[in-house]
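> Following this message is one structure expressed as structure tokens.
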Amino acid sequence: MQHPSLYLELDVIEWINTPQPIRLADLRGRVVVLHAFQMLCPGCVTYGIPQAERIARAFPARDVVVLGLHTVFEHHDVMTPAALRAFASEYRLGMPIGIDRPADQGSVPRTMRLMQLRGTPSLVLLDKSGRIRHQHLGQVEDLRIGAEIGTLLAETAKEEATGKDGATDEAPRKGECDGGSCRINA
């Protein structure tokens, strides 16, 4: 799903697990994995948060940044920033987590509304240009997410190798193929 708005920013009131606030604009050039969760959401605790942590371990931070977004649309009175800090410490969460700014009206927080998230857990993938490319609600298989991240990484690698217009500096090479492989003849 490509989101209609480019270059979104997170509207958060506080960050934990990071010494300074994070802006999506500052992360351009890397794929961003945004995991939107609530600490009292069973699917978030069972599937979403562990998956986000696995993604952070699986990909180099120079290529892929994993961020948490605590976006509370229910149980506001108990899901406070202090409770989230205790939760993150207890579960040993290492990813930076932004606390979504509460709505002025209604129960849907600002970033959740801006990104048109339908609930938690939600996983949002932004390409290296900062565009939302994939958005998932609920449990998603690791292999599928890994493939989507890999595709986003490969897109930009191809652009870097060929230039934005798809042209390469190299002349085409002829190759030889046999039953099991094809080789480039230099």
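> Here are the criteria: (1) in contact with a Gly (Cβ under 9 Å, 6 or more places away or on another chain); (2) closer than 11 Å to L34 by Cα. Tell me which single one V64 does not satisfy.
(1)
> Looking only at the stretch 90-102, decide whether some residue is under 16 Å from E14 (Cβ atoms) and acidic (D, E).
Yes, that holds for at least one residue.
> Mind checking whether some residue in the stretch 71-86 is within 27 Å of L152 (Cβ to Cβ), out of contact with any His (no Cβ under 6 Å at 6 or more places or on another chain) and surrounded by 17 or more Cβ atoms within 10 Å (Cβ to Cβ)?
yes
> Select, from R92, R85, R118, the only residue that is touching a strand residue (DSSP E or B) at 6+ places or on another chain (Cβ under 6 Å) and either without any contact (Cβ under 8 Å) to a residue 12 or more places away in the chain or in a loop (DSSP other than H, G, I, E, B) (or both).
Unique residue meeting the criteria: R118.
> Can V66 be described as without any contact (Cβ under 8 Å) to a residue 60 or more places away in the chain, buried (at least 19 other Cβ atoms within 10 Å of the Cβ) and touching a His at 6+ places or on another chain (Cβ under 8 Å)?
yes
> Listed residues I55, I99, I49; which is aliphatic (A, V, I, L, M), in contact (Cβ under 8 Å) with a residue 60 or more places away in the chain, in contact with a helix residue (DSSP H, G or I) (Cβ under 9 Å, 6 or more places away or on another chain) and part of a helix (DSSP H, G or I)?
I55
> If you don't mind, another one. Surrounded by fewer than 18 Cβ atoms within 10 Å (Cβ to Cβ), part of a loop (DSSP other than H, G, I, E, B), more than 14 Å from the chain's Cα centre (by Cα) and without any contact (Cβ under 8 Å) to a residue 40 or more places away in the chain, is that true of R113?
No; evaluated as a whole, the condition is false for this residue.
> Considering only the stretch 51-82, state which residues are touching a strand residue (DSSP E or B) at 6+ places or on another chain (Cβ under 8 Å) and over 23 Å from Q139 (Cα atoms).
Passing the criteria: D63, P81.
Read-outs throughout are calculated quantities, based only on the coordinates presented, and are distinct from any laboratory measurement. Just so it is clear, the model here is predicted, and its values are computed rather than measured. Here the Cβ is made from the backbone with ideal geometry for all residues, glycine too, and neighbour counts use every protein chain on show.
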